[in-house]
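Submitted below is the structure of interest, expressed as structure tokens.
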Amino acid sequence: MKSAATWAIAVLLAVIFFGVGIAKLCSNNMFVVMFVALELPRWFMYVTGVVEIFVAAALMYPKSVFLGAIGVICLMLGALIVHAMHGQFGLMSLPFVLLVLAITLGWLVNWGVAIRAR
């Protein structure tokens, strides 16, 4: 990674997704209640937690930061879709901000390089 801003975004996203992933694996009551309200099975909470931890790990290694950014983008698009389907528009701001950060990170790490090379 080339800049302090790139590292800052990657570390911020990694810390958030590692913490949330661990909380989901530990069956934090907040997430259990949220998944029940969204009518999602409990096993899906655990799968999501594992994916979030892998994404956090990918964000911490320079060669896999782009893959981690893609993982965050996929997770946040899924979160936005689920919240929209249940009419929870007030809960869409955090996933949207994290989505924008992940797109920015992907741009800084890989997409911007490809465009500048032309």
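What are the residues in the stretch 17-56 that are outside any helix (DSSP H, G or I), of a type outside the set (D, E, K, R) and loosely packed, with under 15 Cβ neighbours inside 10 Å, if any?
CYS26, SER27, LEU40, PRO41 - these are the residues of the stretch 17-56 that are outside any helix (DSSP H, G or I), of a type outside the set (D, E, K, R) and loosely packed, with under 15 Cβ neighbours inside 10 Å.
Do we have any residue at all in the stretch 98-116 that's out of contact with any Cys (no Cβ under 8 Å at 6 or more places or on another chain) and outside any helix (DSSP H, G or I)?
No: zero hits.
In the stretch 41-57, which residues are hydrophobic (A, V, I, L, M, F, W, C) and more than 15 Å from VAL20 (Cβ to Cβ)?
TRP43, the sole residue that qualifies.
Could you list, in sequence order, the residues of the stretch 30-67 that are among the small types (Gly, Ala, Ser) and closer than 30 Å to TRP7 by Cα?
GLY49, ALA56, ALA57, ALA58, SER64
Could you list all residues from the stretch 66-89 that are aliphatic (A, V, I, L, M) and within 12 Å of the chain's Cα centre (by Cα)?
Result: LEU67, ALA69, ILE70, VAL72, ILE73, LEU75, MET76, LEU77, ALA79, LEU80.
Just so you know, all these numbers are worked out from the coordinates, no wet-lab data involved. Keep in mind that this is a model prediction, so the values were computed, not measured. Quick reminder, even Gly has a Cβ in these numbers, built from the backbone with ideal geometry, and neighbours come from all protein chains shown.
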